[in-house]
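The values are calculated or read from the model by the stated rules, or taken from the named source; none is laboratory data. This structure is a prediction, so every number in the text was calculated from the model and none was measured. When we count neighbours, we look across all protein chains shown, and the Cβ atoms used for this are built from the backbone with ideal geometry, even at glycine.
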Amino acid sequence: MPYISADALQQARRIDLLSYLQTNEPGNLVRISGNNYCTREHDSLKISNGKWHWFSRGIGGVSALDYLIKVKDYSLPEAVELLVGRSAMETPAFSYAPKKQEPRKLLMPELEKYPYYAKKYLKSRGIHPVIIDYCIENSLLFETANYHNAVFVGYDPQGIARYAAMRGTRSAYKGEVTGSDKHFSFSISATHDAEHVHLFEAAIDLLSYATLELYEGRDWKHDALLSLAGVFQTKRENVVPIALSQYLKDHPNIKALHLHLDNDEVGRGAAAGIMGGLSGKYEIFDEPPLSGCKDVNDQLMQRVGIKKNEEYER
């Protein structure tokens, strides 16, 4: 069983919560004033001067590592792996019987019977109705009853829902359902023996790529499609996101990776990390969005002639 090296633990502790949220959960971050923030998920969790404190629970910390363990209920190995990548984990020379960890329970919110607002929102982002209906029919897309957020669900190999990303349909909100496990991110794998997997930073980019394939007259379900549930900028080289590591473990038939990560510093850095970490093990094709497009959804919206809604942060 992997263990945490001292170097990996030190790197994880250096990542502050504000930087982590700005990159991984930007919609969950709310500016109060100046450099003072709280989270949309927990408005009594305040962030200021490099520290954070969750007043309603009486707990706090400094790093993103503290936050993932105390607030998100990650184990220490899971939190370190999320922050600095699976390549940071090492295997001890001796063997022992580790204590079995129970999987986190995904606490889905109350859902609408039919995701009307989620469907309307995705259409406004250029996603084809055929793609949307496929996700609804296969229990990949839902809508929360209270705020009408779109919910993108990921499953483990046993078909159990383990991850759910939320996206506001009437705001810039982005977040995750409590108990989400990033190892099992949102994906479309209609062909169980697919040898190629296409990688995206977010579910909407995945659906955008599927739409572009449909418009080109290609079978958009032929290859596997995987959202990485966001990527994080780190100084550590050759970092492979945990969603990808788990997917490759669960799908040993995969031979080639196609990277469609964003055209920004974080996306390009994540692509370089994947190529470095998996070089020689898979065929890897770096296929970012077209020049001038930040992400795959930008490319789709240009393709279908939809203008960005500047009211919401992308």
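Annotations for the structure displayed:
- When the criteria are applied in full, F142 fails the requirement of being within 21 Å of L244 (Cβ to Cβ), surrounded by 18 or more Cβ atoms within 10 Å (Cβ to Cβ), assigned by TED's automatic domain parsing to the domain that holds G269 and touching a strand residue (DSSP E or B) at 6+ places or on another chain (Cβ under 8 Å).
- Of the strands (runs of 3 or more DSSP E) contained entirely in the stretch 133-178, those carrying at least 1 residues that are within 19 Å of A229 (Cβ to Cβ) and of a type in the set (F, W, Y) fall at 141-143, 150-155, 161-167.
- Verdict on E265 being in the same structural domain as I204 (by TED's automatic domain parsing) and touching a His at 6+ places or on another chain (Cβ under 7 Å): no
- Selection count where residues are over 19 Å from G175 (Cα atoms), touching a strand residue (DSSP E or B) at 6+ places or on another chain (Cβ under 9 Å) and at pLDDT below 85, scope the stretch 56-76: 2
- Here G217 meets the list (1) in a loop (DSSP other than H, G, I, E, B); (2) modelled with pLDDT of 95 or more; (3) surrounded by 17 or more Cβ atoms within 10 Å (Cβ to Cβ) almost entirely, failing just condition (3).
- Condition check for D193 on (1) charged (D, E, K, R); (2) more than 17 Å from the chain's Cα centre (by Cα); (3) within 24 Å of V266 (Cα to Cα): one failure, at (3).
- Single residue of the stretch 8-62 satisfying the filter (among the aromatic types (F, W, Y) and crowded, with 17+ Cβ neighbours inside 10 Å) that is farthest from V80 (Cα to Cα): Y37
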